[in-house]
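K.L.:
Take a look at this one; I'll ask things after.
The values are calculated or read from the model by the stated rules, or taken from the named source; none is laboratory data. None of the values given here were measured: they were computed from a predicted structure. Glycine gets a Cβ as well: all are built from the backbone with ideal geometry, and neighbour counts include every protein chain shown.
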C-alpha cells in the first residue's frame, strides 16, 4: 500500500499532501502503517525509503513514540522511573555534556521516551530538560 501510494521517490511532503484531505483518524492510520512498514525489514528497504522513514519520524516525534508505546511490544518493556524530577535533571546533564552538538532536546527526549515510562509528551519533556537544573542539595543527595 505504501509503495503504491509513494512510488519510487517517497518524501514526507508528498506523504502529507496525499493525506491532507483525510480525517485525523485516517491520517493516523496511514502514519501507523508507514511506521509498521519501516520497522519490518528496515535493512532491506531502498535507500530513499530509509531516508523517508527517518524524516517521517523526525516530522512528528510524539506520534511515533505513541505508536511504539501502543502498537509494539516495546511499549510493554518500558523501564519505570521512580523519581521523574531527578531523572529529568540527570538527563539534562547528559544532553548538555554530549559530544554531539547536533542532538536536539526534542531528539534526546524522544529517545528517553522510547526506553523509560514517563507520562509526558516529547515537547514537554524537551522543555523541562532545557529548563531544569540542579540545586546543591540535590547533588549531595546523588552522592549519598
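K.L.:
Determine if the range 71-92 includes at least one residue that is in contact with a helix residue (DSSP H, G or I) (Cβ under 8 Å, 6 or more places away or on another chain), part of a helix (DSSP H, G or I), exposed (fewer than 15 other Cβ atoms within 10 Å of the Cβ) and at pLDDT 90 or above.
P.N.:
Yes: one or more hits.
K.L.:
Identify all residues within the range 94-144 that are outside any helix (DSSP H, G or I) and at pLDDT below 80; write none if there are none.
P.N.:
Of all residues in the range 94-144, those outside any helix (DSSP H, G or I) come to 97-104, 116-121, 132-135, 144.
Scanning the range 94-144 gives 97, 98, 99, 100, 101, 102, 103, 132, 133, 134, 135, 144.
K.L.:
Would you check which residues across the range 59-75 are over 14 Å from residue 119 (Cα atoms) and free of Cβ contacts under 8 Å to residues at least 12 places away in the same chain and list them?
P.N.:
73, the sole residue that qualifies.
K.L.:
Any chance you could count how many residues in the range 28-51 are in contact with a helix residue (DSSP H, G or I) (Cβ under 7 Å, 6 or more places away or on another chain), surrounded by 19 or more Cβ atoms within 10 Å (Cβ to Cβ) and closer than 19 Å to residue 8 by Cβ?
P.N.:
Counting residues in the range 28-51 that are in contact with a helix residue (DSSP H, G or I) (Cβ under 7 Å, 6 or more places away or on another chain), surrounded by 19 or more Cβ atoms within 10 Å (Cβ to Cβ) and closer than 19 Å to residue 8 by Cβ gives 2.
K.L.:
Return the total of residues in the range 1-16 being exposed (fewer than 12 other Cβ atoms within 10 Å of the Cβ), at pLDDT below 95 and either farther than 26 Å from residue 73 by Cβ or within 17 Å of the chain's Cα centre (by Cα) (or both).
P.N.:
Residues meeting the conditions: 4.
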